[in-house]
1. Please pick out the residue among 49, 72 that is in contact (Cβ under 8 Å) with a residue 12 or more places away in the chain and in contact with a His (Cβ under 6 Å, 6 or more places away or on another chain).
2. May I ask you to list pairs of residues, at least six apart or on different chains, whose Cβ atoms are under 7 Å apart, with the first in segment 85-99 being among the charged types (D, E, K, R) and the second being in a helix (DSSP H, G or I) and surrounded by 15 or more Cβ atoms within 10 Å (Cβ to Cβ)?
3. Do you know which residues across segment 17-52 are at negative phi, at pLDDT 90 or above, assigned to a loop (DSSP other than H, G, I, E, B) and open to solvent by 40 Å² or more (accessible area, probe 1.4 Å)?
4. Take segment 56-110 and flag every residue that is among the small types (Gly, Ala, Ser), under 20 Å from residue 123 (Cα atoms) and either open to solvent by less than 20 Å² (accessible area, probe 1.4 Å) or in contact with a Leu (Cβ under 7 Å, 6 or more places away or on another chain) (or both).
5. List the number of the failed condition for residue 11; all other conditions in (1) outside any helix (DSSP H, G or I); (2) modelled with pLDDT under 90 hold.
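The values are calculated or read from the model by the stated rules, or taken from the named source; none is laboratory data. These numbers come from a predicted model, not from an experiment. Using ideal geometry, Cβ is built from the backbone for each residue, glycine included, and neighbour counts are taken over all protein chains shown. Keep in mind that these areas ignore ligands, DNA and RNA; they rest on the heavy atoms of the full protein, side chains included. Shrake-Rupley method; radii C 1.70, N 1.55, O 1.52, S 1.80 Å.
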Amino acid sequence: MKRILFVIAGFGVWSSCYYDNASEIHPGAGLNLNCDTVNVTYTKNMVPLFQTNCGTNNSCHSSSVAQGGVILDNYIDASSQNDATMIGCVEQQSGYNPMPPLGKLNDCGIKQINLWIQNGKPQ
């Protein structure tokens with residue numbers, strides 16, 4: 001009888017456990033709070049992002065190399081790139097060449113590129 005009560009009590013304690021989904025309770029947790037998403041522009045946000053990740057300093061996507069026909073080291077060429085292709089590549093969606101090829105951009109960089117495009121690619 002004690003064993004049955006112990007099993008019932010154990011089941012009651014076990015079934016009363018509730019695990020919250022942390023992302024629902026704290027939607028901002030894990031986000032880079034230093035991510036600048038206000039007034040994203042080519043000069044302020046895209047230049048440093050492209051220089052760091054897209055080889056715009058005389059390599060990969062610079063005017064002198066233009067790998068894949070993509071030039072990102074000046075506003076005119078960068079802003080003329082196909083929006084869907086750019087997003088598909090940086091989000092590494094199926095059917096697109098993953099960019100950068102050696103590892104995905106962080107969430108902040110992807111968000112900034114999306115915002116830059118959504119806001120009309122301001123200089």
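1. Working: 49 fails: in contact with a His (Cβ under 6 Å, 6 or more places away or on another chain).
The unique qualifying residue is 72.
2. 91/110
3. 36, 37, 38
4. 62, 78, 109, listed by residue number.
5. Just one mismatch for residue 11, condition (1).
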